[in-house]
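Here, each number is a calculation from the coordinates, and none is a lab measurement. Since this is a predicted model, take the numbers as computed values, not measurements. Cβ atoms come from the backbone with ideal geometry, glycine included; neighbour counts cover every protein chain shown.
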Amino acid sequence: MRRLGNTRRTVRTTPSRGRRTARLLTAAGVCAAALATLTAAPAQAHRPPHWEVKETGTPDVRFRGLAAVGRHTAWVAGTHGTVLRTTDGGDTWRDVSPPGAEEVEFRDIEAFDARRAVALSIGEGEASRVYRTDDGGTTWTESFRNTDPRAFYDCLTFFDHRHGLALSDPVDGRFRLLSTRDGGRSWTVLPDEGMPAAQDGEAGFAASGQCLVASGPKDVWLATGGAARARVLHSADRGLTWTASDALVPAGDPARGVFALAFRDRVHGLAVGGDYRPDQTSPSPAARTTDGGRTWRPAGTPPPAYRSGVAWLPHSRTAALAVGPTGTDLTTDGGRTWRTVDTGSYDTVDCTPESACWASGEQGRVARLER
């Protein structure tokens, strides 16, 4: 996996190991009106929807893990074992970091509500761990610690409050998956017979917690990079069997590939990525699918640079946001074209069905999309 951040054997400030490395508005009608404002001509008298930065008081932390619960509640997780939670829309943040986890680096967090969350730390061997809380972060239980030095966990996802998966880079030539049936309290390694063979150098990117995403009760997709071709793998049975397709984004280098996926249902999906190195261009860092990931088409007008996070806007079948170190881009046509709407640095973005969008990234930066 690619660790992109402030950890051992990091590669600049991107996602994972060396070679491995922001309720939008408040209701459906309001969201639609806001989207119209966002896409209108700039000569409007009022300010269009925008990211409003929320002060977290953690300038030395990079938050690549983000879980948006609603307009008022969100969790972020990042470097130095840091986990924060807000229940007042980001006006205040509570440090709910797991005790004794100061040396681990969180790259993903999934939250079911204001009290229940599951966080993943990344790294080789025992640095890859899973923690769960049922009391808003007052206490945590370490529910998994990787003991295989060949494994390196990148991201996790949940189908519902009980069933979820965690993704590791390939072990013995195939991606490894952990499965939980009790909301992350316990984990088992899935058999890999139904997993296609990995390409030479292929891995996941722990950049935004979006290299493994689910939609519905059984469908899940994983994104890859680092090899000759960037791929998206799909499973329709919660990770038991998989098919692979080429994603048509920059590949052929350990720093290139698909960094994030978003599916608004089981057929419409978006992929973003590129080359995370700031001195390298990413000529085609976005693609879309309308058949569940069997085939992908590159964006006609893509984002101008590498993007590490992507999310569909609530109550829209065609609008989505992509974020990265150099800005935020908007599509209103299902990923065919993108345009930059903000130049702030964010690593990941998450939106909820209740119309809340949040983003997070370097220097303790967290923001909520405001009208």
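Residues of the range 299-343 falling in the label zone of Gln280, defined by backbone nitrogen less than 13 Å from a point 7 Å along Cα to beta-carbon, are 306-307.
In the chain, helical runs assigned H by DSSP with n ≥ 4 each contribute -39500 (n - 2.57); averaged across all residues and rounded to the nearest 500, the mean residue ellipticity at 222 nm is -1000 deg cm²/dmol. Kindly list the residues of the range 262-280 that lie in the label zone of Thr337, defined by a backbone N under 13 Å from the point 7 Å along the Cα-to-C-beta vector. Counting backbone N atoms under 13 Å from the label point, the list is empty. When a/c is below 1.5 the answer is rounded, else prolate if a/b is larger than b/c, else oblate, so apply that to the range 287-368 with a ≥ b ≥ c taken from the square roots of the Cα gyration tensor eigenvalues. Oblate. Reducing the range 227-268 and the range 297-347 to their Cα centroids gives an inter-centroid distance of 18 Å. Once both labels are positioned 7 Å from their Cα atoms along Cα-to-Cβ, the gap between Val53 and Thr290 label points is 4.0 nm. Report the label-to-label distance for Arg150 and Asp265 in nanometres (one decimal), using points 7 Å from each Cα along the Cα→Cβ vector. Taking the simple label geometry, Arg150 and Asp265 are separated by 4.1 nm. Relative to one another, the C-alpha centroids of the range 75-127 and the range 151-181 are positioned 18 Å apart. For the range 105-214, applying the loop criterion from DSSP together with a ceiling of 16 other beta carbons within 10 Å to the GluC sites (Glu not before Pro) yields Glu193. Scan [x] 46; [y] 35; [z] 41 for the value of percent of Cα pairs over 28 Å apart calculated from this model and give just the label. Checking each listed value against the structure points to [y]. In the range 65-105, which residues have a backbone nitrogen under 19 Å from the label point lying 7 Å from Thr139's Cα in the Cα-to-Cβ direction? Correct set: 95-101. I need the shape label for the range 105-163. Rule: rounded when a/c is under 1.5, else prolate if a/b > b/c, else oblate, with a, b, c from the alpha carbon gyration tensor. Prolate.
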